[in-house]
Amino acid sequence: MKTRRIRRSRWPFGILLVSLLIICYTCTNKQSPNSPSDENNLSETPALTAFSDSLITAFSSENEDDVLALVRSEYRATCDAELNGTRNTMTAVAQALKKRQLLFANALYAEYKVSIDGTEFRIAYSNCGDGHWQLIRF
């Protein structure tokens, strides 16, 4: 009798083991909806391209007020402090923006990688759903 009782208790364990193996075999990171795809098929929308062009123009002008007009209001004070005395580097930022590489973009957020003097930086844009893009990080 003891052997039958042991054999009966193996069935739930066996079913559990087979279920876990099936789950592990069929679920991979590439099929996960929350992981970014390995393919780099990101493309800029016309609105993002237009905003990037306006940023290039603002940084090329070396006018802090032009740049701050494109910065989200919550970040203006911080960016104003960062821009003080950086007229020489504003042109470098404009040149880097011309060679930007899109890392991520969706309807509300876009992030780019730029390189200035061999150092990589991230620049991010935000959209509150109104179609108006603003700079939030540079």
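No lab work stands behind these numbers, since they all come straight from the coordinates. As the structure is a computational prediction, the values presented were derived from the model and not from experiment. Virtual Cβ from ideal backbone geometry, glycine too; neighbours counted across all protein chains shown.
Here the simple spin-label model places points 7 Å from the Cα toward Cβ, and for Thr91 and Asp53 these points are separated by 2.3 nm. Here the calculated FRET efficiency for Phe121 and Glu62, from their Cβ-Cβ distance with R0 = 22 Å, stands at 0.75, rounded to the nearest 0.05. Highest mean packing first, where packing is the average number of other Cβ atoms within 10 Å per residue, the peptides 13-23, 63-73 line up as 63-73, 13-23.
I need the peptides 93-101, 125-133 ranked by packing, meaning the mean over residues of other C-beta atoms within 10 angstrom, with the highest value on top. Each step should come with its number before you reach the end.
Numbers: 93-101: 16.2, 125-133: 13.7.
My ranking of the peptides, most packed first, is 93-101, 125-133.
Count Lys and Arg as plus one, Asp and Glu as minus one, and take only other residues whose Cβ is under 15 Å from that of Thr119; the net charge is then +2. Taken along the Cα-to-beta-carbon direction at a fixed 7 Å, the label points for Thr45 and Ile23 span 3.7 nm.
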